[in-house]
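Participant: The structure that follows is given in the form of structure tokens.
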Amino acid sequence: MLELKNISYAAEDKDGTKEILNDISLTVSERFVAVTGPNGGGKSTLARIIAGIIKPTSGRILFDGEDITELGITERARRGISFAFQQPVRFKGIRVYDLLQLASGRKLTVGEACDYLSRVGMCARDYVNREVNASLSGGELKRIEIATILARGTRLSIFDEPEAGIDLWSFSNLIAVFEKMYEEINGSILIISHQERILEIADKIVVIANGQISDQGPKDEILPKLMGSTGSCGRLAAV
């Protein structure tokens, strides 16, 4: 379980100190939690704080009861936290098989690697020996990245706007992957998203605006408010 206690974050810019997050307290124990809200509200900053990419100005972060506030991204990864960027990294010279093996932290058979690819809807024989480079589309990279997270088997998987930069067909397949991941995961998924179809498969929705939690609760309670309002979420996209 993830617990955020009074998390605040401020950054320096040309005009001085800018407050990005202000006194965020949140518990993530459900299998699927979606974080939404207007652009610039602090959602991606919160995701990076949880992953350990940046440190909060104040507040504490507990993961399975351990205070991990001062731990970096590597230490948090070892404790079972994964993070997927909006734009997956391309690794020239590394095959998909090699990437899956690195993620798993053990020697994988080709059959095991192919199984992870099949679980994200990819024809394994077409991809297992492909290089993770510019020849892959955004949608393919997103699914390969999810396959690496499945290979890691982490307790908390964080996705920052996974729909960014992919086409309609790839997005539809991505939804199917998340639905299957929801059924199989032994832990929690935390997704930053504006997409209605992603919010619809969440157990809990958290709305962040102006650096604060403006609303949170079960999907059946929060989603109707978002669908009936133009102000709470800023924009809610249906694909």
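The values are calculated or read from the model by the stated rules, or taken from the named source; none is laboratory data. Worth saying up front: this structure is predicted, and the values here are computed from it rather than measured. In this analysis, Cβ positions are derived from the backbone assuming ideal geometry, glycine residues included, and neighbour counts consider all displayed protein chains.
Participant: Would you please list the contacts, defined by Cβ atoms under 6 Å and residues six or more apart or on different chains, that run from a residue in segment 120-140 that is within 16 Å of residue 174 (Cβ to Cβ) to a residue that is assigned to a loop (DSSP other than H, G, I, E, B) and at pLDDT below 80?
Facilitator: 138/165; 138/166; 139/166
Participant: For residue 27, which of the numbered conditions (1) over 29 Å from residue 138 (Cβ atoms); (2) out of contact with any Asp or Glu (no Cβ under 6 Å at 6 or more places or on another chain); (3) not small (Gly, Ala, Ser) fails to hold?
Facilitator: The single condition residue 27 does not satisfy is (2).
Participant: A further question follows. If the Cβ limit is 8 Å and pairs must be 6+ apart or interchain, which residue in segment 219-234 that is within 19 Å of residue 33 (Cβ to Cβ) and at pLDDT below 65 pairs with which residue that is part of a helix (DSSP H, G or I) and not hydrophobic (A, V, I, L, M, F, W, C)?
Facilitator: Listed pairs, sorted by first residue: 232/225.
Participant: Given the conditions (1) surrounded by 15 or more Cβ atoms within 10 Å (Cβ to Cβ); (2) more than 18 Å from the chain's Cα centre (by Cα); (3) within 23 Å of residue 143 (Cα to Cα), report the number of the one that residue 32 does not fulfil.
Facilitator: Every condition holds for residue 32 apart from (2).
Participant: Now for a separate question. If I filter segment 177-232 down to residues being out of contact with any strand residue (DSSP E or B) (no Cβ under 6 Å at 6 or more places or on another chain) and basic (Lys, Arg), which single residue comes out as farthest from residue 117 (Cα to Cα)?
Facilitator: 225
Participant: Also, I was wondering about something else. Of the residues 130, 143, 119, which is in contact with a Gly (Cβ under 8 Å, 6 or more places away or on another chain) and either buried (at least 17 other Cβ atoms within 10 Å of the Cβ) or at pLDDT 85 or above (or both)? Steps first, answer last, please.
Facilitator: Details: 130 fails: in contact with a Gly (Cβ under 8 Å, 6 or more places away or on another chain); 119 fails: in contact with a Gly (Cβ under 8 Å, 6 or more places away or on another chain).
Exactly one of 130, 143, 119 is in contact with a Gly (Cβ under 8 Å, 6 or more places away or on another chain) and either buried (at least 17 other Cβ atoms within 10 Å of the Cβ) or at pLDDT 85 or above (or both), namely 143.
Participant: Within segment 177-192, is even one residue aromatic (Phe, Trp, Tyr) and buried (at least 18 other Cβ atoms within 10 Å of the Cβ)? Full working, then the answer.
Facilitator: Quick first cut of segment 177-192, residues aromatic (Phe, Trp, Tyr) only: 178, 182.
Subsequent filtering for residues that are buried (at least 18 other Cβ atoms within 10 Å of the Cβ) retains 178.
The answer is yes; a qualifying residue exists.
Participant: For the condition buried (at least 21 other Cβ atoms within 10 Å of the Cβ) and either farther than 24 Å from residue 151 by Cα or touching a Gly at 6+ places or on another chain (Cβ under 9 Å) (or both), what is the one hit in 80, 41? Reasoning before the result, please.
Facilitator: Values: 80 fails: buried (at least 21 other Cβ atoms within 10 Å of the Cβ).
It is 41.
Participant: Could you say whether any residue in segment 56-66 is over 28 Å from residue 138 (Cα atoms), touching a Lys or Arg at 6+ places or on another chain (Cβ under 9 Å) and surrounded by 20 or more Cβ atoms within 10 Å (Cβ to Cβ)? Before the answer, list the steps.
Facilitator: Taking segment 56-66 first, the residues over 28 Å from residue 138 (Cα atoms) are 56-66.
With the extra rule that they be touching a Lys or Arg at 6+ places or on another chain (Cβ under 9 Å), the set shrinks to 59-64, 66.
After this cut, where a residue has to be surrounded by 20 or more Cβ atoms within 10 Å (Cβ to Cβ) as well, the list is 61, 63.
Looking for residues that are over 28 Å from residue 138 (Cα atoms), touching a Lys or Arg at 6+ places or on another chain (Cβ under 9 Å) and surrounded by 20 or more Cβ atoms within 10 Å (Cβ to Cβ), one finds at least one in segment 56-66, hence yes.
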